[in-house]
Amino acid sequence: MTMTSTMRDHISAAPHRSLFLAGALQGVLTVLWWVFDLTGRYAIAGSATTWSIAPTWAHAFLMVYGFFPFFILGFLFTTYPNWMNGDKVKPREYMATSLLMALGVVLFYAGLLTHKVVIIMGVEIMLVGWGVAVYVLFRILLGTPAQDKRHARVTSAALLMGWLGLAAYLGWLVTEVPAALDFARHAGIWFFLLPIVLTVSHRMIPFFSSRVLDNYEMVRPYWMLWLMLACIVVHGCLQWLEMTAYLWIVDFPLAACAIYLSYRWGFLRSFKVSLLAVLHVSFAWLGVSMLLYGIQSLVYQLSGNMLLGLAPLHALAIGYFASMVLAMASRVTLGHSGRPLELDRFTWLLFLGFQAAAALRVLADIVPAIAPMFYVAAGLAWLICFVLWAAKYAPIYWRQRVDGKPG
């Protein structure tokens, strides 16, 4: 057997391998492209480049629909059969999703340099790949015996909303109708990413904490999850309708719930185990981001001033979503490669560096005078951390498990 075919066999040996590998590459490429665009646009290095669509909307798409979904789908393909005692996802199914999504992203980049038609082709192919995932995960959800499926129902519905958001983005590319782009932007954050990441946090953080912390009381209030999800959906609808002045009504309760859960889940105690602490630190950003959203909305209602710009969004997207991706992907990669569930000092330092990227990007909007340099600094901090993370973890996806077990 050749080295190439051996690598191919290892990459297709488990659902998370190919999808996490693509996600790791995208974590580097999407921000590399964005830093290149920013440095040219602000004349920091080189000159401005002309793309086939507005770079802001390309950046939003690549982050929301072209980066996070690889990790989310790799995680859900792995956990759904375990959560619901269902059949394992077949290699042809998860490899189809992975290859179609990856091909779509490649065409998206090619289209940015050439013509919008190529971008449209790429997004169409991504829709098909995402559709395979929706079909497979809904089949497991609906086909397994009656049991507690509350978390899985939420993540499945959110995944479908993500598919609809992707379809809306395609609609905008074809028609240039602004309403389609608005739906794609807000659905991606509020109806897809946040419901999934929150629900996975609600299920996994107290569970993982109970496994390693002594005398740990597992607190997992479902009424609070439903309240938070309701606040998230209302926020998304209000933002979609441009009713910014009323966001604080749901943002402050959402922030209060998140801060309460951080406390009850043992934020301070989690630092005894770094592999657990990265999950708790990531989750803490949810409370911070929603507090910023609430403050911004209230100030806007009182003065008409958008005081914090995009700071709340980046606290959420980089601080919570991207940090949680790094934390959870590190854990899954270690556990499913036969390695000890221990975070080494190098990965811990990378994670702390990534927190600096989030903080820099938030500060860039709070203090506009320093914005251009901080935009680039945040991008470079992300790039350095993600390149080093990918260099460490990506090779695991094309190598055999160290314990010799299948998968």
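The values are calculated or read from the model by the stated rules, or taken from the named source; none is laboratory data. Here the structure is a predicted model, which is why all the values come from computation and not from measurement. Cβ atoms come from the backbone with ideal geometry, glycine included; neighbour counts cover every protein chain shown.
When you go through (1) of a type in the set (A, V, I, L, M, F, W, C); (2) without any contact (Cβ under 8 Å) to a residue 12 or more places away in the chain; (3) crowded, with 16+ Cβ neighbours inside 10 Å one by one for Ala48, which number turns out not to apply?
(3)
Do you know which residues across segment 330-389 are surrounded by fewer than 18 Cβ atoms within 10 Å (Cβ to Cβ), farther than 22 Å from Phe283 by Cα and not hydrophobic (A, V, I, L, M, F, W, C)?
Matches in segment 330-389: Gly338, Arg339, Pro340, Pro368, Pro372.
Looking at (1) more than 22 Å from the chain's Cα centre (by Cα); (2) part of a helix (DSSP H, G or I), can you tell me which one Ala146 breaks?
The one condition Ala146 does not meet is (2).
Among the helices (runs of 4 or more DSSP H) confined wholly to segment 31-127, which include 3 or more residues that are more than 21 Å from Phe138 (Cβ to Cβ) and in contact with a Leu (Cβ under 7 Å, 6 or more places away or on another chain)?
Details: elements: 55-64, 68-84, 91-113.
In segment 31-127, 55-64 are the helices (runs of 4 or more DSSP H) which contain 3 or more residues that are more than 21 Å from Phe138 (Cβ to Cβ) and in contact with a Leu (Cβ under 7 Å, 6 or more places away or on another chain).
I'm trying to understand the selection: among the residues of segment 210-232, which are in a helix (DSSP H, G or I) and farther than 15 Å from His280 by Cα?
Residues of segment 210-232 that are in a helix (DSSP H, G or I), as a first pass: 210-212, 222-232.
Those that are in a helix (DSSP H, G or I) and farther than 15 Å from His280 by Cα: Tyr222, Trp223, Met224, Leu225, Trp226, Leu227, Met228, Leu229, Ala230, Cys231, Ile232.
Could you look through segment 223-263, keep only residues that are more than 28 Å from Ser209 (Cα to Cα) and of a type in the set (Gly, Ala, Ser), and pick out the one that is nearest to the chain's Cα centre (by Cα)?
Gly236
Is it true that Val132 is among the aliphatic types (A, V, I, L, M), modelled with pLDDT of 95 or more, under 20 Å from the mean Cα position of the chain (by Cα) and part of a helix (DSSP H, G or I)? Break it down stepwise before answering.
Values: among the aliphatic types (A, V, I, L, M): yes; modelled with pLDDT of 95 or more: yes; under 20 Å from the mean Cα position of the chain (by Cα): yes; part of a helix (DSSP H, G or I): yes.
Yes, satisfied.
Just to be sure I understand, how many residues within segment 320-346 are under 13 Å from Leu279 (Cβ atoms) and either of a type outside the set (A, V, I, L, M, F, W, C) or touching a Cys at 6+ places or on another chain (Cβ under 7 Å) (or both)?
4
Can you name the residue in segment 85-101 that is among the aliphatic types (A, V, I, L, M) and closer than 8 Å to Pro15 by Cα and, of all such residues, is surrounded by the fewest Cβ atoms within 10 Å (Cβ to Cβ)?
Applying the first criterion (among the aliphatic types (A, V, I, L, M)) to segment 85-101 yields 89, 95-96, 99-101.
Checking the rest, the ones that are also closer than 8 Å to Pro15 by Cα come to 89, 95.
Numbers: Val89: 23, Met95: 19.
My answer is Met95.
Return the residue satisfying two criteria in turn: it lies in segment 113-160 and is surrounded by 19 or more Cβ atoms within 10 Å (Cβ to Cβ) and in contact with a Pro (Cβ under 8 Å, 6 or more places away or on another chain), and of such residues it is farthest from Trp190 (Cα to Cα).
Checking each candidate, the answer is Ile140.
For Arg269, are the conditions met, namely being basic (Lys, Arg), over 23 Å from the mean Cα position of the chain (by Cα) and under 14 Å from Val219 (Cα atoms)?
Numbers: basic (Lys, Arg): yes; over 23 Å from the mean Cα position of the chain (by Cα): yes; under 14 Å from Val219 (Cα atoms): no.
For Arg269, the condition - basic (Lys, Arg), over 23 Å from the mean Cα position of the chain (by Cα) and under 14 Å from Val219 (Cα atoms) - is not met.
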